[in-house]
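Comments concern the structure below.
The values are calculated or read from the model by the stated rules, or taken from the named source; none is laboratory data. Owing to the predicted nature of the structure, the values given are computational and were not obtained by experimental measurement. Cβ: placed from backbone, ideal geometry, glycine included. Neighbour counts: every protein chain shown. Please note that ligands, DNA and RNA were not included when accessible areas were found on the heavy atoms of the full protein model with its side chains. Shrake-Rupley method; radii C 1.70, N 1.55, O 1.52, S 1.80 Å.
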Amino acid sequence: MQNRMQKTLNIIGGGRVGRTLGSLWLTKHAFAIQDVLSGTPHSARSAVAFIGGGRAVGWLEEMRPAAVWMLTPPDGRIVHSCEALAHSGLLRSGDIVFHCSGAMTSAELASASAAGAQTASVHPLKTFADPDAALRTFAGTYCGAEGDRAALDMLQPAFEDIGARICEIDPQFKTIYHAASVMVCNYLVALLESGLLSYEKSGLDRATASRVMEPLVRETVDNVFRLGTMQALTGPVARGDHEVVARQIDALAVWDPRLAAIYRALGVMALDLARAQGGAGAAALAQIERLLTPREQ
C-alpha cells in the first residue's frame, strides 16, 4: 500500500468521471493527485475543488511527469489527448496511461505505448450523472478492464481501494460489451418511456402512470436478479397466449408503429425465454413467432 500511496496521478479531463475517481482516490490515499487539465481553465479549477486536491493547469505543457495518467475527456478526444501527451516529452518508460471509456479499447492509446508507457482501459459500469451521488454509491461498482498486464496489475488494487470490482473483458468484443451496458441502462430508460407513453394513451396522467408502473418494474427487476431472466418472464408470451399478443400488436401498430416495432423485437427475445421455460405449448409459441416476425410484403 505504501508504494501505491506515493504514486502520482495526473488527470486529463476533469468531467464527472475524472473528478469522481480523483476524489475517491484522494480520500483513500490510493494516489497522490497531482495536476488536472480539463477543457477549460474553469473546468479544471472546478474539478480540483471537487476532488479536494491537485493543481489545476491550463495547458498540457504545464503538467509535470507522473507515474499514472488518467484520460477522461469525451470519447472523441481520447486519441487526440493521448497523442498530445505522447509527443509532449512528459511520458517516461513504464508510466501508466489509461482511459475509462466503455466504447473504446486500450488500443486507442497506441501512441502512449509507442512512447514506452503501459496502457489499459478501466470502465466503471455506473452512471455518473450526479458526481456527489456517485461518490456515495461507488463502492461495489463493477469495472470492465483490459490492457497491458503491468498496467492492470497496478490499477486493479487502486480501484479496489475505492470499492470497485474488476472484471477483465476481451477487447475484441468491447463494442458488444458496451452495447450490453447501453441496452440495460440507457435503453431501459427508453423502454420505460415507451411504457409511460402507452399508459398515458390509456387515459392515465403521467404522474399516475409513473406510480402505477413503479412497483411492477421494481418487482420485475428484483425477480430477474433473484430467479434469472427465464424464470422471471411472465405474461402472454410466457403463457403462449397468441390471441392477446395479436391484439396488442394490432393496437400498437394503429396508434404508434414505433412502439409496435419495439414490442415485436423484445417479444422475439421473450419467445426464446418462453421456450426455455417449457410452460407453453410449441404450437402456441409458433403462432406467436409468426406474429412477431411478419413476412415482408
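Worth pointing out:
- Order by protection proxy (mean Cβ within 10 Å, highest first), peptides 217-229, 280-292: 280-292, 217-229
- Reported label for calculated Kirkwood radius over Cα pairs in Å given (i) 24.6; (ii) 19.2; (iii) 22.0: (iii)
- Counting only Cβ charges, +1 for Lys and Arg and -1 for Asp and Glu, the dipole size of the stretch 135-256 around its Cα centre is about 280 debye.
- Net length available on complete extension from A114 to D75 is 12.0 nm, with 0.36 nm assigned per residue and the Cα-Cα distance removed.
- Net lengthening on full extension, D132/V184 (0.36 nm per residue, minus Cα-Cα): 16.4 nm
- Across the stretch 113-136, the residues whose backbone nitrogen lies under 20 Å from the label position 7 Å along the beta-carbon direction of A49 are 129-136.
- Distance between modelled label sites at S93 and D205, nm, 7 Å Cα→Cβ extension: 7.1 nm
- Scoring 202-209, 251-258 by mean Cβ neighbours within 10 Å over their residues and listing the highest first yields 251-258, 202-209.
- In loop segments of the stretch 86-187 as defined by DSSP, there are no chymotrypsin sites (Phe, Trp or Tyr not before Pro) with at most 13 further C-beta atoms inside 10 Å of their C-beta.
- Relative to the Cα centre, the charge distribution of the stretch 220-274, modelled as +1 at Lys and Arg Cβ and -1 at Asp and Glu Cβ, gives a dipole magnitude of about 80 debye.
- Residues of the stretch 239-276 with amide N under 14 Å of the 7 Å Cα→Cβ point at L197: 252-264
- A simple rule links phi to the HN-Hα coupling: the Karplus curve 6.51 cos²θ - 1.76 cosθ + 1.60 with θ = phi - 60°, which for the stretch 161-170 gives 4, 9, x, 6, 10, 8, 10, 7, 10, 7 Hz, with x for Gly and Pro.
- Taking the 1.4 Å solvent-accessible surface of the stretch 168-236 as the whole, the part contributed by carbon and sulfur is 64%.
- 1.4 Å probe accessible area per residue over the stretch 151-250, in Å²: 63 Å²
- From phi via Karplus (6.51, -1.76, 1.60), per-residue ³J(HN,Hα) for the stretch 117-128 in Hz, x at Gly/Pro: 7, 8, 10, 7, 10, 10, 10, x, 7, 7, 8, 10
- Rounded to the nearest 5, the antiparallel percentage of DSSP beta bridges internal to the chain is 20%.
- Alpha-carbon centroids, the stretch 47-74 and the stretch 250-297: separation in whole Å: 52 Å
- Calculated FRET efficiency, R247 to Y142, Cβ-Cβ distance, R0 = 35 Å: about 0.30 to the nearest 0.05.
- The stretch 17-122, accessible area per residue, ligands and nucleic acids excluded (1.4 Å, Å²): 40 Å²
- In sequence order, the stretch 6-19 has phi-based couplings of 8, 6, 8, 10, 9, 10, 10, x, x, x, 5, 5, x, 6 Hz under the Karplus curve 6.51 cos²θ - 1.76 cosθ + 1.60, θ = phi - 60°, and Gly or Pro positions carry x.
- Per atom type, the stretch 1-75 shows carbon and sulfur on 55% of its accessible surface, probed at 1.4 Å.
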